[in-house]
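The values are calculated or read from the model by the stated rules, or taken from the named source; none is laboratory data. Predicted model only: the values in this text are computed from it and were never measured. Counting neighbours? That spans all protein chains shown, and the Cβs are built from the backbone with ideal geometry, glycine included.
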Amino acid sequence: MGDLARPASAARPRIRWHRPHNWGPCSGDRRRATERALAVRERVLGPEHPDTAAGLNNLGYLLQDMGDLPAARPYLERALAVWERVLGPEHPDTASSCNNLGVLCYYEGNLPGAAGYMRRALAIWEKSLGAQHSLTQQARDNLAAIEAAIRAS
């Protein structure tokens, strides 16, 4: 997990993204490798497999981290849809997608959308992982930053 680099023009505080494990620097090479890995997962496992959803999430994260917010959205939305169908609406991976879409909305300036996704992530993680888990705390902190931005706007 790490802070998502915010655009230089953003005056809002950073909020935390649930990023893939062992994620290195973002680059065009990393993007091509991530796209290839996703294509293999889709071909071998199918489009409705949880590991394919993880690949979608990884590519969405990478694109967002590279600053391409519009390109990130469809991958993050597909990951959420697959995890909801395959793992269920209360699974921690579903919450990860909600968190990540909340971060995307935040940086797009869609604060109500960000708050909605983050509230859902928080509720799922509190129920499935407990109130003291680091992901639950991350969602709580993110939601507080989003709500502060809403009050300030």
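Taking the condition of being surrounded by 18 or more Cβ atoms within 10 Å (Cβ to Cβ) and within 19 Å of ALA81 (Cα to Cα), how many residues in segment 30-51 meet it? Result for segment 30-51: 2.
Yes/no per residue for (1) outside the structural domain of ARG31 (by TED's automatic domain parsing); (2) closer than 23 Å to ASP29 by Cα; (3) exposed (fewer than 15 other Cβ atoms within 10 Å of the Cβ); (4) small (Gly, Ala, Ser):
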residue: ALA53; (1), (2), (3), (4): no, yes, no, yes
residue: GLY67; (1), (2), (3), (4): no, yes, yes, yes
residue: ARG73; (1), (2), (3), (4): no, yes, no, no
residue: LEU80; (1), (2), (3), (4): no, no, no, no
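Can you give me the ranges of the helices (runs of 4 or more DSSP H) entirely in segment 26-129 with at least 2 residues that are out of contact with any strand residue (DSSP E or B) (no Cβ under 7 Å at 6 or more places or on another chain) and over 25 Å from ILE146 (Cβ atoms)? Outline the logic, then answer.
Numbers: elements: 28-45, 50-65, 69-86, 92-108, 111-129.
Correct list: 28-45, 50-65, 69-86.
Taking first residues from segment 79-90 that are acidic (Asp, Glu) and partners that are assigned to a helix (DSSP H, G or I), the Cβ contacts under 9 Å between residues at least 6 apart in sequence or on separate chains come to GLU84/THR94; GLU84/SER97; GLU90/ALA123; GLU90/ILE124; GLU90/LYS127; GLU90/SER128. Is it the case that segment 100-121 has a residue that's modelled with pLDDT under 95, in contact with a helix residue (DSSP H, G or I) (Cβ under 6 Å, 6 or more places away or on another chain) and within 19 Å of GLU35 (Cα to Cα)? The answer is yes, given that some residue of segment 100-121 is modelled with pLDDT under 95, in contact with a helix residue (DSSP H, G or I) (Cβ under 6 Å, 6 or more places away or on another chain) and within 19 Å of GLU35 (Cα to Cα). Can you say whether LEU101 is in contact (Cβ under 8 Å) with a residue 24 or more places away in the chain, buried (at least 19 other Cβ atoms within 10 Å of the Cβ) and touching a Ser or Thr at 6+ places or on another chain (Cβ under 6 Å), as far as the supplied structure shows? It is false that LEU101 is in contact (Cβ under 8 Å) with a residue 24 or more places away in the chain, buried (at least 19 other Cβ atoms within 10 Å of the Cβ) and touching a Ser or Thr at 6+ places or on another chain (Cβ under 6 Å).
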